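Read the structure below first, then the notes.
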Amino acid sequence: MPSKVFLGLDVGSVSTKVVAIDALGQVLASSYLPTQGQPIAAIQSALREIARALPPGVPVAGVATTGSGRVMASALVGADVVKNEITAHATATLRVLPSVRTIIEIGGQDSKIILLNHGVVTDFAMNTVCAAGTGSFLDRQAHRLGVPITALGELALQATSPTRIAGRCAVFAESDMIHKQQTGHSLSDIVAGLCEALVRNYLSNVAKGKTIVGPVSFQGGVAANVGILRAFESALALPVIVPEHYDVMGALGVAYLAQPIAGQTRFRGFGVVAANCQVKGEDCDGCGNRCEVVGFSINGRVQAYWGDRCGKYSHENYLSVGT
Amino acid sequence: MRVTFPHMGTMSFAMQALLENLRLQVVPPPPITNRTLMLGAKYSPECVCLPFKVNIGNFIEAIELGADTVVMGGGIGPCRFGYYAELQQEILQDLGMRVNMIVLEPPQGANGGLWSRISKLSVGQSLWHVAAASYFAWHLCKGLDGVLQSLDLLRARETVPGSCDRIWNAAQKSIGQARTYRALRRAEKEIRHEIATLSLHLHKRPLRIGLVGEIYMLLEPKVNLHLAERLGYLGVEVHRSMSVSDWVARHLVPNPRARMHTRKVHEAAKPYLRGFVGGHGLETIGESVLFAEGGIDGIIQVLPLTCMPEIVAQSLLPSISQRYGVPIITLVLDEHAGEAGLQTRLEAFVDMVGARRVHRGGGVSCAK
């Protein structure tokens, strides 16, 4: 039985990931759940799964959060470290695959490229305006074609001559796909074309102007799709590695970042899975900004504020929640 | 005549002081809020840059409060800004708002044009009085910019979060509302005292990040989503390449020191860009080179979506980044308030810059 565990939470817009590791960095349990627009409920269910998978009574020595819901998640569970997704992914990859020079990460709603050299992030970029190359778009297309998202990759591999699909924009891509489908192209050729289009979109939008050096690691939920993996390999002419915990790398990264917190953790305990959480927004009329100040309370007690530009409310968090 | 003007950082305070000292009835535009942005976006061309939209919002909100005359800047060169005042006047007219627009443009050739426009604002007042009011406004602007600059540097070291913001709020009220030299001096003394007695982490060696880019996005905190403050709270010393009073000194008044700086910036830009590309594209390149040569830890370029001069500059920044080994990131901002996305990029950039400093053996970074 491990003497203590560290938890990492990655609360994304589409999926919520939680990882538990031991002091040596071995993954003891992990959970990947759809956020479905309800991050609080998703975090609670994921933590419940983790608590069930861990040996009973093992103490939690440190907790960290990342993802677009990281601030809220931190207030909910009582996190010791709150980190951005770029640093989280880089930390995980550098621990698991130290020789990697380029990280391709494609999640539900955004995609990133991170360049590494000598164990340090040297450059990064995130997609800015377009969600065409991300998981939610793939999800939607799989649904439209009546193919389970998990089977999409295998289907692409069966293609004999992938069709050309416009990858610049989700709207163009979809109308292209419908056109190809109505002219009689096989489903596998269309899906393979879609994979190639996504890769082209990623390389010209997210990775534009950056030199991609191998070894390349491909992670995030979309890395489960072998069709995209092959398309990346052929477009880059480089071997692309998919790490073992590719779908929870962000959570794993922050779990590593929580490791130095040995002892004094702010973790509220697994009891939060049953806590009654409330988020209440109120317009502040302190000045012309009229910010919507959000108060986050657990079982009726306000734990944190955010949303105020002047910091009148949220400065109180800085005093109590370290980042 | 009830005069209004657009917001742009500390310029608004100087403008209000100038117009009030010219004994005009001034209707300052209400602070920029979501409503301002909404109005601006609704009545502006879709692909125009964000500053234009915020201007329109400012004007409409001021006209609602009774303004009938708008003082607006003009410009020359390839940046579209030179045409903004004309277009904005037409938009306001189409909305049925009867306003008189006075465009202050940098003099090109004959100075008579500018003077005749200024004299519309200074009816019955001597040239001497106009000059004195302008000089006072410049002093007020310099005072506020000085405070802003100190706070940009100190926020990373404050022991009580929010204390720099409190000083800034106080400075806007005291220095910003001063209308005589006596009041100005007293206000400046008080604020200087507050800065001097600020409780600081003196042992910290914060990361140093330089801000370059389009002037409006650089200087208007409501539009750049409080970029300097955000960086300050991430434990970063912020160095802005430009302030409102710098701009005035470099463009409007014959100031030898400012002229020398401009020459230095153009000289620094030379290996990458030799000519004027409109707006502050050339300055973005030159200032980035000067920052890099000064050993800054990282550079952030800010621009509004569709800004041509800054797009030219953006394409040259990677060569500077490579030549000096300094990380540079470009933030393109528009009316969307994607604060979470901005915050993530800033945090990741600060982490990256910090890790590089440690890696280069430059000591421990002290990001909060």
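What follows draws every value from the coordinates through simple rules; no lab data is involved. Source: prediction; values computed, not measured. For neighbour counting, all protein chains shown are included, and Cβ atoms are generated from backbone atoms with ideal geometry for every residue, glycine included.
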Q.
Using Cβ contacts closer than 10 Å as the measure, can you line up B:38, A:72, A:126, B:217 from fewest to most?
A. B:38, A:126, A:72, B:217
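Once you have the Kirkwood Rh of the stretch A:91-203 from its Cα pairs, apply Stokes-Einstein at 20 °C and 1.002 mPa s and quote D in µm²/s.
On the way: Rh = 15.1 Å.
Stokes-Einstein gives a translational diffusion coefficient of 142 µm²/s.
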Q: Per DSSP H run of at least 4 residues, take -39500 (n - 2.57); add these up for the protein assembly as shown, divide by its residues and hand me the 222 nm value, nearest 500 deg cm²/dmol.
A: -14000 deg cm²/dmol
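Over the stretch B:268-312, what number does the Rg to Rh ratio reach, with both radii from the alpha-carbon atoms and Rh per Kirkwood?
Details: Rg = 10.8 Å, Rh = 11.0 Å.
When Rh is taken as the Kirkwood radius, the ratio is 0.98.
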Q | Inter-label distance, nm, simple model (7 Å from Cα along the C-beta direction), residue A:41/residue A:280 | A | 2.2
Q) Which of B:121, B:50, B:151 moves the most in a Gaussian network model of chain B with Cα springs under 10 Å? A) B:121
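Roughly how crowded by other chains is peptide B:341-353, in terms of the mean Cβ count from those chains within 10 Å of each of its Cβ atoms?
Details: counts 5, 0, 4, 12, 6, 1, 8, 14, 4, 2, 9, 10, 1.
Mean number of neighbouring Cβ atoms from other chains: 6.
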**Q.** Share antiparallel - DSSP beta bridges, the stretch A:98-242, percent rounded to 5
**A.** 65
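With the cut-off at 26 Å, report for the stretch A:1-157 the share of all Cα pairs above it, as a whole percent. Kindly include the intermediate steps, with their values, before the conclusion.
Numbers: 4185 of 12246 pairs.
Roughly 34 percent, rounded to a whole number.
Charges at C-beta only: +1 for Lys and Arg, -1 for Asp and Glu. How large is the resulting dipole of the stretch B:137-200 about its Cα centre, in Debye rounded to 20?
Details: 11 positive and 7 negative charges, 64 e Å.
Dipole magnitude for the stretch B:137-200 comes out near 300 debye.
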Q. If one takes the longest principal axis of the Cα atoms in chain A, at what angle in degrees, from 0 to 90 and to the nearest 10, does the Cα axis of helix A:39-53 lie?
A. 80
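Mind listing which GluC sites (Glu not before Pro) in the stretch A:237-317 are in a DSSP loop and have 13 or fewer other Cβ atoms within 10 Å?
When the GluC sites (Glu not before Pro) of the stretch A:237-317 are filtered for loop state and at most 13 Cβ neighbours within 10 Å, A:244 remain.
Give me the compactness ratio for chain A, meaning the Cα radius of gyration over 2.2 N^0.38 Å.
On the way: Rg = 21.0 Å, N = 323, 2.2 N^0.38 = 19.8 Å.
Against the empirical 2.2 N^0.38 Å value, I get 1.06 for chain A.
In percent, what relative contact order does chain B have, based on Cα pairs under 8 Å that are 6 or more apart in sequence? Intermediate results must be reported in sequence, preceding the final value.
Working: 573 pairs, mean separation 62.2, N = 368.
It rounds to 17 percent for chain B.
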Q. What does the average come to when, for each residue of peptide B:206-216, you count the partner chain Cβ atoms lying within 10 Å of its Cβ?
A. 0
**Q.** Size of the stretch B:137-200 as Cα extents on the principal axes (Å, biggest first)
**A.** 34, 16, 15
(Q) Give the lysines whose C-alpha is closer than 18 Å to that of residue A:210, dropping any in the same chain fewer than 8 places away, or say none. (A) A:112
Q: Calculate, for residue A:26 and residue B:359, the FRET efficiency according to 1/(1 + (r/R0)^6) with r their C-beta to C-beta distance and R0 25 Å; round to the nearest 0.05.
A: 0.35
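For a Förster distance of 56 Å, can you work out the FRET efficiency between the beta-carbons of residue B:253 and residue A:297, rounded to the nearest 0.05?
Numbers: r = 55 Å, r/R0 = 0.98.
Efficiency at R0 = 56 Å is approximately 0.55.
What percentage of all Cα-Cα pairs in the stretch B:2-125 are separated by more than 21 Å? Write down the numbers at each step before the final one.
Numbers: 2773 of 7626 pairs.
Of all Cα-Cα pairs in the stretch B:2-125, 36 percent lie more than 21 Å apart.
Whole number please: convex hull volume per residue of the Cα set in the protein assembly as shown, in Å³?
Values: hull volume 121.7 nm³, N = 691.
About 176 Å³ per residue, rounded to a whole number.
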Q. Based on Cα positions only, what radius of gyration and what Dmax would you give for the stretch B:56-157, in angstroms?
A. 17.1, 51
**Q.** Cα-only Debye scattering, the stretch A:34-73: base-10 log of I(q)/I(0) at q = 0.22 Å⁻¹
**A.** -0.82
Q) How many nm separate the modelled label positions at residue B:260 and residue B:306, each set 7 Å beyond the Cα in the direction of the Cβ? A) 4.2
Q. For the stretch B:207-339, what's the relative contact order in percent, using C-alpha pairs closer than 8 Å and at least 6 residues apart?
A. 30
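Across peptide A:117-126, how many C-beta atoms of other chains are within 10 Å of each residue C-beta, on average? It would help to have the intermediate numbers written out before the result.
Values: counts 2, 2, 2, 8, 10, 7, 6, 7, 4, 4.
Mean shielding by partner chains, rounded to a whole number: 5.
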Q) Taking residue B:264 as the anchor, which aspartates and glutamates have their alpha carbon closer than 16 Å to its alpha carbon, excluding any fewer than eight residues away along the same chain? A) B:246, B:283, B:287, B:293
Q. Can you pick out the pairs among A:312/B:173; B:142/B:222; B:42/B:222; A:208/B:204; A:83/B:42; A:83/A:208 whose Cα atoms lie more than 28 Å from each other?
A. A:208/B:204; A:83/B:42
Q: For the stretch B:102-239, evaluate the Debye formula with one uniform point scatterer on each Cα (no solvent term) and list log10 I(q)/I(0) at q = 0.09, 0.21 Å⁻¹, rounded to two decimals.
A: -0.38, -1.23
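So which helices of chain B fit the span-like rule, where a helix is a whole DSSP H run, its Cα atoms reach 24 Å or more along the axis, and its mean Kyte-Doolittle is at least -1.0? Walk me through the numbers on the way to the answer.
Values: long enough: B:127-154 (41 Å, 0.76); B:308-324 (25 Å, 0.15); B:339-359 (30 Å, -0.09).
For chain B, where a helix must reach 24 Å along its axis and average at least -1.0, the hits are B:127-154, B:308-324, B:339-359.
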Q | Using alpha-carbon coordinates, inclination of helix A:85-96 to the longest axis of chain A, degrees | A | 80
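Taking Cα atoms of the stretch B:304-359, Rg/Rh with Kirkwood Rh, to two decimals? Numbers along the way, then the final one.
Values: Rg = 13.3 Å, Rh = 12.9 Å.
Here the Rg-to-Rh quotient is 1.03.
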Q. Per the Kirkwood treatment, what hydrodynamic radius in Å, one decimal, follows for the stretch A:170-250 from the mean inverse distance over all distinct Cα pairs?
A. 13.9
Q) If you project the alpha carbons of the stretch B:206-368 onto the principal axes, what extent comes out on each, in Å, largest first? A) 42, 37, 27
Q. Using the alpha-carbon atoms, what tilt in degrees (0 to 90, nearest 10) does helix A:135-145 show relative to the longest principal axis of chain A?
A. 50
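To check you understand DSSP bridge types, tell me what percent of the beta bridges within the stretch B:2-125 (both residues inside) are antiparallel, rounded to 5.
Values: 1 of 11 bridges.
The antiparallel proportion sits near 10 percent.
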Q. By what distance, in whole Å, do the Cα atoms of the stretch B:155-233 stretch along each of the three principal axes, largest value first?
A. 37, 34, 17
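Based on the Cα gyration tensor of chain B, what are the three equivalent ellipsoid semi-axes, each the root of five times an eigenvalue, rounded to whole Å and given largest first?
They are 34, 24, 21 Å, listed largest first.
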Q | Fewest-first ranking of A:280, B:204, A:180, using other Cβ atoms within 10 Å as the exposure measure | A | A:280, B:204, A:180
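Can you put B:263, A:48 in order of Cβ neighbours within 10 angstrom, beginning with the fewest?
Details: B:263 11, A:48 16.
By the 10 Å Cβ count, ascending, the order reads B:263, A:48.
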